[in-house]
1. Considering every residue within the range A:75-91, establish whether at least one is at pLDDT below 90 and at positive phi.
2. Does A:PHE283 count as within 12 Å of chain B (Cβ to nearest Cβ) and either without any contact (Cβ under 8 Å) to a residue 60 or more places away in the chain or more than 36 Å from the chain's Cα centre (by Cα) (or both)?
3. For the range A:317-333, which residues satisfy the criterion of being at pLDDT 90 or above and acidic (Asp, Glu)?
4. Could you please let me know if B:LEU250 is assigned to a helix (DSSP H, G or I) and in contact (Cβ under 8 Å) with a residue 12 or more places away in the chain?
5. Among the residues of the range A:110-145, how many are assigned to a loop (DSSP other than H, G, I, E, B) and touching a helix residue (DSSP H, G or I) at 6+ places or on another chain (Cβ under 8 Å)?
6. If we keep just the residues of the range A:290-305 that are within 13 Å of another protein chain (Cβ to nearest Cβ) and under 18 Å from A:ALA251 (Cβ atoms), which is surrounded by the fewest Cβ atoms within 10 Å (Cβ to Cβ)?
7. Out of (1) touching a residue at least 60 places away in the same chain (Cβ under 8 Å); (2) part of a helix (DSSP H, G or I); (3) over 13 Å from the mean Cα position of the chain (by Cα), what's the single condition that is false for A:ASN148?
8. Given the residues A:ARG278, A:ARG358, which is the only one that is away from every other protein chain (no Cβ under 13 Å) and in contact with a Gly (Cβ under 7 Å, 6 or more places away or on another chain)?
Amino acid sequence: MSHPDESPLLLVGWDFRQTPVELRERLAFTPERIEEAIQRLRQEGLLAEGVIVSTCNRTEVYGLRGTAEVEGDPLLVLSRFVADFHGVPPQEVQTAGFHHSGADAVRHLFRVASGLESLALGEHQILGQVREAFRFASNAGLTRAVLNRLFQKALEAGKRVRNETGLNSRPISIPGVAIELAQKIYEDLAPRRFLILGAGETSSIFYDLLVARGAKHIEVVNRTFEKAEALCKRGGQAYPWGELAARIPKADVVVSATSATEPVITREDVRKAVSQRRGQPLFFLDLGIPRNVDPQVADLDNAFLYAVDDLQEIAERNRQERQREVVPAMAILEEELEDFLAWFGSLAVVPTIAALRRKFESIREAEFDRSLEKLNHLSPADREKIRLMAQSMVRSLLRRPTEALKEEKDPARRLERAEAAQVLFDLDLEAKG
Amino acid sequence: MATTFLLSGLALLLYLGAEAFSIAHLRKEKAAFGLIAKILLSLGFLVHFGALEIGGRITHTVPYRDWSASMSLFAWMVAGSYGILRLRHRESSTGPFLIPVAILFLAVSLPAHPLPPDPRLTGSEFAFHVTLAILGYAAFTLAFVLAQLYLIQIHQIHKRKLGLLFSRMPALDVLSRMHHTSIGIGVVSITVATTLGFIRADTNWATIWDPKVAITLLLIAVYVFCLLAGRLLNWSGKRIAWLSIGGYFLLLFSYTIVNLFITQEHVFR
């Protein structure tokens with residue numbers, strides 16, 4: 001943690017690692033509530049700008065400190081605000097969450113956007129969720145220069161990690177692995193015929209996954225026909241159990257997840273089915289425990305069989321591969337972090353005022369020297385008077401801009417003014433005075 | 001001839017560049033690498049055509065008179081056939097395996113030893129006969145590589161070797177379709193080439209029969225069988241791939257042993 005009282009960048013959050021799901025549910029924000037919360041934080045002067053990232057695994061409030069003089073740690077004040085806002089006891093909220101400020105808050109956001117803080121390491125949906133949270137806050141006028149820049153950088157960092165590392169290259173969930181395998185046999189799954197055996201929870205998960213992938217031909221066979229029909233209510237065709245042998249040759253991919261204690265698909269069933277398929281391969285995903293498909297099916301030409309153990313093993317291998325990509329991903333994030341902090345540091349008022357003075361002084365000196373070359377007849381005393389007059393003019397000119405930069409209480413506006421001054425006067429903050 | 005050599009060398013460099021970026025694209029999956037590979041391959045194909053065209057102007061015929069010229073034409077046909085496959089199937093991950101075929105044959109063609117023009121081997125009919133035959137060989141060569149990729153992918157799926165190569169290589173059905181397209185191009189080209197050859201032989205030779213003709217007809221039969229075996233005889237992709245590989249060895253036999261030692265009419269001299 002950096003020193004919370006020193007940095008205007010604040011973060012309080014609750015995620016799956018330390019916050020139980022019941023509490024996360026209570027702390028979740030709908031879009032309307034996000035706008036309401038940030039508006040209130042701004043009205044109370046706690047934040048000058050803010051973004052809330054709220055997903056099923058996390059609720060995180062990012063903000064730039066406002067003008068209010070708060071007693072104690074501003075992070076705790078912010079955390080208490082969230083507790084009050086949701087009507088949850090503050091003590092419960094504070095002990096179950098985390099808070100960062102400054103560079104740590106920035107680094108955390110970059111890690112979140114890259115999937116390094118996700119339950120499934122490297123998953124990329126979070127990048128879309130961060131983008132959506134930022135877009136919402138930006139459209140609602142809840143962000144200004146600093147958080148705009150921060151979130152744009154976070155999205156850039158997330159994209160770089162996705163493109164430049166293998167963090168998200170291979171699936172790590174059983175359904176993800178199963179779909180990847182199926183796509184290595186049939187590239188486009190949408191027009192393929194799927195046969196699902198069983199109508200329990202696993203079958204239902206696969207049914208949803210296939211529908212989401214655009215599968216148009218799904219058949220479900222189950223011992224209890226009504227359950228198969230219920231599963232097919234969003235499309236597809238249910239068949240009674242007796243139709244199983246007749247449906248196998250018609251399918252391209254068979255997903256089996258029944259609770260049968262013995263294989264329900266035999267080698268002979270598959271041999272017959274394959275012989276009717278005009279050379280088209282047949283892919284079996286056996287998710288049943290014990291196995292639903294005779295393991296000897298794997299020996300048949302043009303039949304491919306993967307059981308749940310195989311899928312788990314692949315998922316674990318992919319997980320280890322992703323773990324190895326964390327180090328290169330972190331290197332990218334540190335680069336982006338440094339870039340952001342350099343920009344953020346450049347917005348500080350003191351270096352801006354110093355640069356402004358240097359700029360004006362250098363102009364004064366150059367103009368003074370040029371003018372004196374044409375005024376050779378002046379005595380040294382007169383020259384000194386002119387020099388003092390020029391110095392006085394510069395001081396007078398700088399007085400108001402300096403005051404405007406120093407006096408502004410709102411940190412966001414102060415940083416915006418500093419940035420405007422840097423652009424208007426083409427200031428070089430690096431130069432030595 | 002120096003210009004032809006220089007352009008062929010430049011084409012070779014462009015193909016090598018295309019290969020390097022194809023490999024980078026396969027490894028990193030960056031769209032920019034794939035695009036650069038496509039541009040380099042297209043440029044290589046055009047420059048290579050320039051080399052063949054200039055060579056053809058000098059000899060007043062399609063460059064097939066000598067072995068090195070025919071190898072260069074073969075390499076150009078391979079690059080072209082791969083371009084067709086890539087466009088047709090929108091698939092670029094096979095590039096690293098198919099572009100080397102063009103590179104290899106263009107490289108061996110570079111130390112050219114041109115033979116003087118043979119007045120007997122002229123005319124558009126003869127030019128089409130040889131050009132189409134070489135196109136057919138090029139397409140069968142790509143089918144040979146694709147059949148191996150298909151078998152490798154099947155092996156990886158069966159043996160659960162699901163590494164980088166598995167994840168980057170196309171799906172079995174895509175490989176199968178590309179293989180099918182290559183064989184289709186090859187069969188049509190060789191069949192038309194053989195028909196033109198028959199017409200020419202009928203007017204120029206004492207008999208149209210030659211060992212090369214017999215083996216070519218057998219080759220066509222094997223590849224036609226590859227095209228139909230899945231639908232008609234329920235053959236698996238794996239068996240068809242093995243048959244295609246066998247067919248290619250027959251082609252090599254035809255192109256080497258038959259050309260060098262058996263036939264009297266299909267020979268470079």
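The values are calculated or read from the model by the stated rules, or taken from the named source; none is laboratory data. Computed from a prediction, not measured in an experiment: that's the story for all the values here. Neighbour counts run over all protein chains shown; Cβ positions are idealised from the backbone, glycine included.
1. no
2. no
3. A:GLU325
4. yes
5. 11
6. A:ASP301
7. (1)
8. Answer to the selection: A:ARG358.
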